[in-house]
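For reference, the structure is listed below as C-alpha cells.
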Amino acid sequence: MTHRQILFVIFGLMAGMFLSALDQTVVGTSMRTIADDLDGLALQAWVTTAYLIVSTISTPIYGKLSDIFGRRPLFIIAITIFLIGSLLSGLADSMYGLALSRAVQGLGAGGLMALPLTIMGDILAPRERAKYQGYFLAVFGISSVIGPLLGGLLAGTPEILGITGWRWVFLINIPIGLVALAIVLRFLHIPHFKRPTRIDWWGAATVIIATVPLLLVAEQGRTWGWGSPTAWLCYVVGALGIIAFIVAEKLMGDDALIPLKLFKSATFSMATILGVLVGFGMFGALMTLPLYLQLVNGATPTESGFLMLPLILGLMIASIASGQLIARTGKYRIFPILGTFFMSAGFFWFTFATADKPVTFMMIGMLLVGLGLGQLMQTLTIASQNSVGARDIGVATSSATFFRQIGGTMGTAVLFSVLFTRIPIDLAAIFSNPATIASLKAAASDPAVQADAANAEILKLLQDPSALSGSLDGDTAFLNAADPRLAAPFLEGFNAAAVTVFWVSFFVLAFAFVLSFFFKTPPLRKTSALQEVANDEREAALQAQSAADRMGALVEPGTGSTPVQVPSTAAPPAKSPPPESSAPSGPAGTPPLEPA
C-alpha cells in the first residue's frame, strides 16, 4: 500500500477508535443530568457497567472472528452495531432502556478497540507500525480530555435542534461513525487468506461466564459489600468460569478463542502481565485524578478535563518520539523500562500532595504519568504482535487489549474501594485533632460565616459528628462556596485518602518496573502480516509444484490412449479395429475422436 492509501485507512480506523474511546469518558460528566431526567439516579452505575462488561468480553471474540472471516467485514459490523446502540441510547426513555442500549454500544465498541491495531499489524511491518500507532494513542488521549468537557457541555444545554441536550452525548456518535464507515468502505480493502478452522463456541461461552461475574463485582462490590453473599456468588462463578475457559481453550488447540500456545512465548506472556499492571495504573489515574482536581483543587468537571492536558501532552510526545525511534532502530527494549519508571515516578510524586499545594504540583505528576504511558501502550502492543505468527495477529492483539481492560477494571475497582474505605478513617482522624477543632470553632462563631447561606449546609453537618464519615460519599457541592476554614478539614481528609490510593498505584507500577527488566524483546520483523501470509502461501505452492515435478504424473498429459469399448446389451459388440487403424484420441481425460 502507498503512504497515501495507508493514511486514508488510518483516518477511518482512528475515527472508529475515537468513537469507543470517547464513549468511555463522555458519559461520566453528563450522567447526573441523564439520571435526573430519566428519574433513575440509583440505576446510573448500571449504564456504565453494561457498556464496560459487554465491550470487554466482546474484544477477544472480535479478534478471533476477524482471523477467520477477515478484518474488514468485522470492523464494518462493529461500527454498524455501535451506531445502532448510539441511536437507541439517544432515544432511551428510561434508565433500564439506556443501560440496554449502552450494552449494544459496548458490543460494537469491543471491535472498535481491538480491530484498528490488528489491521495496522496486517498492513504494516512492526518497525513501520510504530510510527503510526502514536496517532492512535493521540486519539485515545484527546478523547480522554474532550470527553468530560463535551459531556458537561452537552448535558448543560437544555436543547439542541429541538432535542434534549444530554441525548446528543450519544447522537453525536452518528455523524462521526458514518464518516468512519464511509472511509472504511471506500479504502479498507485488504486480502484475506482463508484457512479451515473451527469456531470456538465453548470458549466464547466460558469467557462470558468467567468475566461477567468478576466485572460485576468489581463495579458493584463497594455497593454490595465485598464480603456480601452476592459478591461471593460472583467470586465462585467467576473462578469456575476461568477453569472451564482454560479447559475449553486447551481442547480447541489452535482454534481457541485465546490459544494457550500464545503464552508459551515469554515475550507475549510478559507483555500481557505488564499490560494488566499498566491498565491498572492508567485507568486508576484517569478515574482518580479528575475527582481529586474537582474536590481538592475546586475545579469544575470542564476545568478538570483541561487540567488533565499535561497527561495527554506527555502521552502524545512519548508515543510519537518512541515510535520514530523504534522505526529507525528496530529496538524497543528500553521503552517498557523507561515507561514503567516514569509512571511509577509520577505516582510517587503524587504521594507528596497536600490540600494546600497549587494545581501545578499535580500537573507535574500528570506529565510524568503521560510520558510513561506513551512509551508503554504501543510498545507492548507491537511486542505482542511481533511474538506470534502472522495468522494469529488478530487474536494476539485482541487478547492484549482484553487483558489491559481487565487490568483497568481491577484498577478502578480496587483504587475506588481503597479511596472510599480510607475517607471516613482519615476524616475521623482529622476531626479529632485539637488544632482542627479549634479552627472550626473559631470559624463557626464568626457572624459573617453564620450569615453566609453558602455555609449553611456545612455548619449543619458539623453539628452532627456521626454524619461526617459519609459526608464525601455523595454530593460534595457544599464545599465549593463554603468558607475555606470550614472546608479545609474535608479537603485534608480526602487528600489523605487519595495519597493512600497513589501509594497503591506506585507499588503496582514499581512492580511492573522490576518485571520490565526481564522482558525479552526479539528483533522486530521487517514485513507486514499480510506479506508474511502471502509469502507462506507462495512458498507452499512452490513446494507442491516442486514435489509434483520430482514425483512425475501417473498419466503424462498429451499422450494417446486406447479407448475401451463397453459392451451393450441392446446391440452386438462391434469389432475393434486393428491397432494400426484406430482413430487417434484426444488429450487424456477427453473422449476419442469419432470418424466422419
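The values are calculated or read from the model by the stated rules, or taken from the named source; none is laboratory data. Computed from a predicted model, the values in this text were never measured in an experiment. A quick note on method: Cβ atoms are made from the backbone with ideal geometry, for glycine too, and the neighbour counts reach across all protein chains shown. We work out accessible area using only protein heavy atoms, side chains counted, and drop any ligands, DNA or RNA first. Shrake-Rupley method; radii C 1.70, N 1.55, O 1.52, S 1.80 Å.
List of remarks:
- Across the range 117-271, the volume of the C-alpha convex hull divided among the residues equals 209 Å³ per residue.
- Solvent-accessible surface (1.4 Å probe) assigned to Lys460 amounts to roughly 150 Å².
- Along each principal axis, Cα extent of the range 62-139, largest first, Å: 49, 30, 14
- Linear extension gain, Arg198 paired with Ser269, 0.36 nm per residue minus alpha-carbon span: 23.1 nm
- Per principal axis, descending, Cα span of the range 217-325 in whole Å: 54, 49, 18
- If you sort Ile243, Ile34 by accessible surface, 1.4 Å probe, largest first, the order is Ile243, Ile34.
- Accessible-area order (highest first, 1.4 angstrom probe) of the listed residues Leu137, Leu7: Leu7, Leu137
- Potential extension, Phe518-Leu185 segment - 0.36 nm per residue separation minus Cα distance: 115.6 nm
- Between Arg4 and Glu457, full extension at 0.36 nm per residue minus the direct alpha carbon distance yields a gain of 157.0 nm.
- Inter-probe distance in nm under a simple model that places probes 7 Å from Cα toward Cβ, at Arg391 and Lys261: 0.7
- A 1.4 Å probe, protein heavy atoms only, puts the accessible area of Tyr332 near 10 Å².
- The range 160-255 - percent of accessible surface contributed by carbon and sulfur, probe 1.4 Å: 74
- Shape index of the range 171-262: Rg/Rh, with Rg the Cα radius of gyration and Rh the Kirkwood radius from the inverse mean 1/r over Cα pairs, equals 1.18.
- Taking the Kirkwood radius as Rh and the Cα radius of gyration as Rg, the range 86-180 has a ratio of Rg/Rh equal to 1.06.
- The label-point distance for Ile334 and Asp254, in a model that sets each label 7 Å from Cα toward Cβ, rounds to 3.9 nm.
- The Rg/Rh ratio for the range 1-112 is 1.05, where Rg is the radius of gyration of the alpha carbons and Rh is the Kirkwood radius.
- Heavy atoms of Leu251 accessible to a 1.4 Å probe, total area in Å² rounded to 10: 130
- Cα Rg, Dmax, the range 381-465, angstrom units: 25.7, 75
- Spin-label proximity, Ile425 to the range 488-510 - amide N less than 11 Å from point 7 Å beyond Cα toward beta carbon: 497, 500-501
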